[in-house]
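J.: Got a structure for you, written out below as structure tokens; questions coming shortly.
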Amino acid sequence: MKPKTAIQKIAGFQKDGIVPTLLLHSCCAPCSSYVLEYLSQYFEITVLYYNPNIYPEEEYFKRVKEQSRLIETKNQEGTGYPIHFREGTFEPREFYEAVRGLEQIPEGGERCF
């Protein structure tokens with residue numbers, strides 16, 4: 001038997017009246033905006049904002065605030081199922097330790113992996 005596609009699975013959930021939950025990692029509000037708009041029609045989503053490579057620290061907290069604001073706006077619009085927000089721990093030292101020696105590697109290179 002051929003495995004079901006994601007679209008077929010979602011259709012099955014809808015037919016059965018099931019609202020599945022989804023944990024979605026987000027690195028920033030702009031990257032998650034369309035994904036949240038689309039997927040919240042089918043899933044109750046919890047967004048995990050985790051991005052320890054942001055510098056300076058003030059920028060990290062601006063991005064957390066913007067992610068939270070976006071989710072609040074989407075929930076107020078009421079066009080989908082509820083979206084919840086969880087912030088990961090801001091641990092830049094762990095990121096810097098993991099990429100030590102790769103500082104000169106261009107964006108999209110080995111450091112990103």
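The values are calculated or read from the model by the stated rules, or taken from the named source; none is laboratory data. Bear in mind that the values here come from a model prediction, so they are computed numbers and not experimental data. Virtual Cβ from ideal backbone geometry, glycine too; neighbours counted across all protein chains shown. Only protein heavy atoms, including side chains, enter the accessible area calculation; ligands, DNA and RNA are left aside. Shrake-Rupley method; radii C 1.70, N 1.55, O 1.52, S 1.80 Å.
J.: Report every pair of residues separated by at least 6 positions or lying on different chains whose Cβ atoms are under 6 Å apart, first residue within the range 64-87 and of a type in the set (Lys, Arg), second assigned to a helix (DSSP H, G or I).
T.: Lys74/Leu36
J.: Next up: Do we have any residue at all in the range 28-35 that's touching a strand residue (DSSP E or B) at 6+ places or on another chain (Cβ under 7 Å) and open to solvent by 60 Å² or more (accessible area, probe 1.4 Å)?
T.: No: the range 28-35 contains no residue that is touching a strand residue (DSSP E or B) at 6+ places or on another chain (Cβ under 7 Å) and open to solvent by 60 Å² or more (accessible area, probe 1.4 Å).
J.: Let me ask you something else. Across the range 41-68, which residue is most open to solvent (accessible area, probe 1.4 Å) among those that are within 27 Å of Ala11 (Cβ to Cβ) and touching a Phe, Trp or Tyr at 6+ places or on another chain (Cβ under 6 Å)?
T.: Just the residues of the range 41-68 that are within 27 Å of Ala11 (Cβ to Cβ), to begin with: 41-48.
From what's left, touching a Phe, Trp or Tyr at 6+ places or on another chain (Cβ under 6 Å): 44, 47.
Numbers: Glu44: 63, Val47: 0 Å².
Only one residue tops the list, namely Glu44.
J.: Look at Ile71 and say whether it is surrounded by 14 or more Cβ atoms within 10 Å (Cβ to Cβ) and either assigned to a helix (DSSP H, G or I) or among the β-branched types (Val, Ile, Thr) (or both).
T.: Criteria met by Ile71.
J.: Filter the range 1-38 down to residues that are among the polar types (S, T, N, Q) and in contact with a helix residue (DSSP H, G or I) (Cβ under 9 Å, 6 or more places away or on another chain) and give me whichever is nearest to Leu70 (Cα to Cα). Quick ask: steps written out before the conclusion?
T.: Initial filter on the range 1-38 (among the polar types (S, T, N, Q)): 5, 8, 14, 21, 26, 32-33.
From what is left, the residues that are in contact with a helix residue (DSSP H, G or I) (Cβ under 9 Å, 6 or more places away or on another chain) are 26, 32-33.
Details: Ser26: 12, Ser32: 9, Ser33: 7 Å.
In this case the residue turns out to be Ser33.
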